[in-house]
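Computed from the coordinates by the stated procedures, all read-outs in this text should not be read as laboratory data. Remember, predicted model here, so these are calculated numbers, not experimental data. Heads up, the Cβs are rebuilt from the backbone with ideal geometry, glycines too, and the neighbour counts pull from every protein chain shown.
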Amino acid sequence: MQQQCISMTRHTDRGTVRYYKLELFSTLFGEFVVEREYGNAQFKAPTGVKKDFFDSYDDATVMFDTLLKQKQKRGYKNARFR
């Protein structure tokens with residue numbers, strides 16, 4: 001099992017930068033977690049953090065890929081860090 005983490009950003013019509021971070025990892029108890037963190041890049045604290053727990057890696061991967069595709073359709077692109 002490989003941990004996956006993707007950070008994406010999107011520029012809104014109002015000039016703000018929104019971010020969305022997706023992470024897939026395993027717990028010490030053998031569960032798999034898809035964690036989403038999102039918000040405005042101007043603020044330190046995220047607007048929201050959501051976690052979904054799965055018993056199988058395959059189910060977690062399906063959720064991860066589904067969320068990734070949804071965000072890409074809404075205009076999010078992979079973040080570039082300097």
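Under the condition of being acidic (Asp, Glu) and part of a loop (DSSP other than H, G, I, E, B), the residues counted in segment 25-82 number 2.
Go through segment 1-50 and count every residue that is in contact (Cβ under 8 Å) with a residue 12 or more places away in the chain, loosely packed, with under 12 Cβ neighbours inside 10 Å and among the charged types (D, E, K, R). Residues that pass the stated criteria total 1. Can PHE64 be described as in contact (Cβ under 8 Å) with a residue 12 or more places away in the chain, more than 14 Å from ILE6 (Cβ to Cβ), hydrophobic (A, V, I, L, M, F, W, C) and surrounded by 14 or more Cβ atoms within 10 Å (Cβ to Cβ)? Judged against the criteria, PHE64 is not a match.
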